[in-house]
């Protein structure tokens, strides 16, 4: 990025900051702030940390005057947020943060739009965990589009603020899902047979219950069996035989017939009994494995913050981490870090709704061929000088794919 | 109000300390008289027993303890805290808090659920009694369960509904034990006047002696055939933490155990290293160490440097660290350098000795 481009973007960011009403996080005066400026080293990352503000006016005035490329605040609350070392800062607690970033997820995508859609699916799953299993009140959850490749969740339940890293890691492990072995147990024992004699048994059971992972897995098994039994037989056998363990049609048929009896489903729901016939263990195993994979969230990746740092703690477990200021602009994309309401989430489209810059034509020199979908238009861009709408021009310049060329 | 047994069993509660406060018996006055002498002896016993292991039940050989017995037991607790504070050693404080919490655990196991619910209130634990089991808010559950090493305590292996984790009485009592340990540990050492300290000096000297003996027992580094001089800085750091009486995080324990196992140390030698940990549990440690050594059919290899760094277990880099990516490589390299020289000297020594024997 050349100096002229930096100057142009900075001016545009300034216009935004001077006209928008910035949102400060609760207890902002107890937080540490960090900024990256449009200085000589930009777009290389030099973070100025250990900043603090006593009043809202001071904070907003600073951002409007300095016009940072990136603005962050700590998830943590400190006695002296501007002290240079952790020891002196005096940690008092921290919001619980989740960073759902495409770079941390084992998902595949072909376009930016698709990637954002995938991360939103993960976000919705995570919100399900937070609202249902953890029973966190809606008012204590702030959802934010990160301005880049995903979403942030800030949880501000007073009971969670004091949790340390090991406790937070347990929460992450919970949403990452349990081991298969937890759900799939081989039970041995003896029971009274029809003839009155006791006989030994070995059987598999799956856990049961209303809520939590037990309920989730049990429900997905019941749903699967229910779907199968209501299908026409041919179709059902086709689905069953797609599982490796049903090698013979005969086995799949046995299985299908068995589940015509509704009491079987009741047994799964109420007692976790799945050991219907010999040899079905393999099938259940893959079914449970599938549902754990589908319901869980993979997020135990090192935080990348911005730029290439050394891998550190997983984001959520890091109680000293800085997080982007909602309502600021992400200097790597030119998008607004957008606070979202739970209701509006479904319809939120970052490529429309997180864009703050206008449509005036701007002269730029495109330096990398790009294929961009933005504000409901698709642009296939060739290298060279051209006039583009401001919002697209700024996106390209922030991505390092164009320079300002008045 | 007369004190009941609960005061003696749970002297760290606010009701017990209120009783002590309002009894009109000051610490200074306790120093005189028979009652005071008994209280001090029991307080001393509390601390020395904590150093050695378990604090015993004072009423074991009494059918029905009377008020004087109960008061003695109750007052011995604040005095024991003074003794611990006079010595002020970080490791002693940990050890003492653990022993007090374990002593309370023995009593708690016999309590009614309603009483345990009341006790949980002392520690601001949000919970509900659900017939014989308890529902505990997950944040409170995590405060205490996240430090337990057995996978059964992991939140993901528990049921979690509407923010609450159901736990049975046995587990609930175990969580309370941790809450008690935290409270005692974080409230020590007390800020004491030099005058008070000196009035207890002879008792303190006795306790210190016990404590120094214990520390000496564990100081002797015995790594068998292994050469601890050649350990990488991360492993040395973990060993130092254990020696200082710190509990290691799970990932650090795993790293240390697998490292020591990989360089050929036996299970018994490794278990002995952990013996000094404040929450040492012979059965559990032995199970975990043997598991890592391969009792289940799979022996583990120590984590590499990148993994160590991810979990915050990479400490004090040395020059060799730049050349290697695995703590075991550090050890081998250093053994090659230092070891060769050392072995030559050893051989020389052996031959001299054999000559003298002849």
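Numbers below:
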{"item": "Over the stretch B:126-269, volume per residue of the alpha carbon convex hull, in Å³", "result": "190 Å³"}
{"item": "If the convex hull is drawn through the Cα atoms of chain B, its volume per residue in Å³", "result": "208 Å³"}
{"item": "Ratio of the Cα radius of gyration of the stretch A:357-406 to 2.2 N^0.38 Å, where N counts its residues", "result": "0.97"}
{"item": "Gain on full stretching of the segment that runs from residue A:241 to residue A:39 - 0.36 nm per residue minus C-alpha separation", "result": "66.5 nm"}
{"item": "Förster-model FRET efficiency, 45 Å R0, residue A:19 and residue B:45, C-beta, rounded to 0.05", "result": "0.05"}
{"item": "Most to least packed among A:236-246, A:120-130, B:87-97 [average Cβ atoms within 10 Å]", "result": "B:87-97, A:120-130, A:236-246"}
{"item": "Stretch gain in nm, segment residue B:52-residue B:337, where the contour uses 0.36 nm per residue and the Cα spacing is subtracted", "result": "98.4 nm"}
{"item": "FRET efficiency for residue B:62 and residue B:325, using Cβ-Cβ distance with R0 set to 60 Å, rounded to 0.05", "result": "0.45"}
{"item": "Separation of the residue B:268 and residue A:103 label points, Cα + 7 Å toward Cβ, nm", "result": "5.2 nm"}
{"item": "Average other protein chain Cβ within 10 Å of Cβ, residues A:395-401", "result": "0"}
{"item": "Chain A: most fluctuating residue of A:283, A:13, A:38 per GNM, C-alpha cutoff 10 Å", "result": "A:283"}
{"item": "Overall dimensions of chain A as given by Cα atoms, namely Rg and Dmax in Å", "result": "26.8, 94"}
{"item": "Translational D in µm²/s for the stretch B:18-136 (Stokes-Einstein at 25 °C, 0.890 mPa s, Kirkwood Rh from C-alpha pairs)", "result": "153 µm²/s"}
{"item": "Spacing of the two label points (7 Å from each Cα toward its C-beta) at residue A:248 and residue A:269, in nm", "result": "3.3 nm"}
{"item": "Radius of gyration and maximum dimension Dmax of the protein assembly as shown, Cα, Å", "result": "32.0, 102"}
{"item": "Order of B:47, A:206, A:172 - criterion: other Cβ atoms within 10 Å of each residue's Cβ, fewest first", "result": "A:172, A:206, B:47"}
{"item": "Estimated FRET transfer efficiency when R0 is 30 angstrom, pair residue B:115-residue A:262 (beta carbons, to 0.05)", "result": "0.05"}
{"item": "Helix-only mean residue ellipticity at 222 nm for chain A, each DSSP H run of n ≥ 4 adding -39500 (n - 2.57), per residue, nearest 500", "result": "-10000 deg cm²/dmol"}
{"item": "Peptide-level mean, for B:309-316, of C-beta atoms on other protein chains within 10 Å", "result": "3"}
{"item": "Segment residue B:168-residue B:4, extension gain: residue separation times 0.36 nm, minus the distance between their alpha carbons", "result": "56.4 nm"}
{"item": "Per-residue Cβ neighbour rank within 10 angstrom, fewest leading, B:330, B:259, B:200", "result": "B:200, B:330, B:259"}
{"item": "Number of partner chain Cβ atoms within 10 Å, mean per residue of B:138-144", "result": "6"}
{"item": "Length-normalised contact order for the stretch B:111-188 - Cα pairs under 8 Å, 6+ apart - percent", "result": "29 percent"}
{"item": "Computed helical MRE - 222 nm, chain B, DSSP H runs ≥ 4 contributing -39500 (n - 2.57), nearest 500", "result": "-18500 deg cm²/dmol"}
{"item": "Proxy reagent accessibility, fewest Cβ within 10 Å first, across B:146, B:295, B:186", "result": "B:186, B:295, B:146"}
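Values in this text are rule-based calculations from the coordinates and carry no lab data. Remember, predicted model here, so these are calculated numbers, not experimental data. In this analysis, Cβ positions are derived from the backbone assuming ideal geometry, glycine residues included, and neighbour counts consider all displayed protein chains.
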